[in-house]
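This report concerns only the one structure given below.
Bear in mind these aren't lab numbers, they're just calculated from the coordinates by the rules spelled out. Just so you know, these numbers come straight off a predicted model, no measurement behind them. Don't worry about glycine lacking a Cβ; one is built from the backbone with ideal geometry, like all the others, and counts go over all protein chains shown.
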């Protein structure tokens with residue numbers, strides 16, 4: 001009779017060992033993570049506080065850098081604006097002062113000429129002496145004296161138009177005052193004789209030139 005069946009004879013022991021070991025490794029439960037200690041929490045809080053302080057310090061440093069850059073930009077903009085402004089002002093000032101200097105020199109030249117004419121007219125008026133007249137030449141001397149007086153008056157009126165300070169006005173706004181002196185409202189208060197004298201004072205140089213040209217023209221005609 002055959003022997004009883006032994007199931008262990010057909011079992012691979014090495015295979016069973018590895019299978020058991022692998023199954024046991026896969027089913028080992030993980031250990032739970034422990035809670036942090038108080039000292040660890042304090043250390044972590046301190047580290048976070050230090051990191052926040054460092055971030056704040058860096059932020060303040062960046063803000064200071066930004067403010068410095070903005071200040072430099074503002075100053076550069078101020079420099080550019082001020083430079084353009086002063087160049088415009090100085091250029092305009094140079095032009096105005098050059099024009100004023102030219103006007104002042106021209107007025108000074110005119111004033112020197114008027115002074116010379118005044119001195120000449122004053123000398124002629126001072127030389128009038130009625131005591132030296134005689135019965136024979138009194139009419140001639142009277143005419144000559146009146147002519148000297150009239151010429152002096154024309155010089156005076158012409159100078160008053162050019163230089164309002166002779167009429168007691170301020171030198172400021174001379175051009176405006178001189179232009180106003182020739183307006184219809186200003187001329188309306190003058191008499192016919194004064195208007196004639198003023199017109200003669202303003203036009204006598206032109207009249208002299210015209211008379212001289214006429215004389216030359218007549219001389220040429222007579223030679224022919």
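So, in nm, how far is label residue 120 from label residue 143 when the simple model puts each one 7 Å beyond its Cα toward the Cβ?
2.2
Per the Kirkwood formula on distinct C-alpha pairs, the Rh of the range 54-168 is how many angstrom?
About 21.0 Å for the range 54-168.
Among 86, 154, 111, what is the fewest-to-most ranking by other Cβ atoms within 10 Å?
86, 111, 154
I'm a student and want to see the number: the projected area of the Cα convex hull of the range 39-106, averaged over all directions, in nm².
5.1
Counting only the backbone N, which residues of the range 137-168 are under 12 Å from the spot 7 Å out from the Cα of residue 129 toward its beta-carbon?
none
Using r as the Cβ-Cβ distance of residue 86 and residue 167, and R0 as 41 Å, what FRET efficiency do you calculate, to the nearest 0.05?
Calculated transfer efficiency: 0.50.
At residue 43 and residue 136, where each label point lies 7 Å from the Cα along Cα→Cβ, what is the point-to-point distance in nanometres?
Taking the simple label geometry, residue 43 and residue 136 are separated by 14.6 nm.
Taking neighbour counts of Cβ atoms within 10 Å as a proxy for exposure, in what order, fewest first, do 87, 166 appear?
87, 166
R0 = 45 Å: FRET efficiency of residue 100 with residue 57, Cβ-based, nearest 0.05?
0.10
Could you list 102, 118, 163 in order of exposure, starting from the residue whose Cβ has the fewest other Cβ atoms within 10 Å?
Neighbour counts put them in this order, fewest first: 102, 118, 163.
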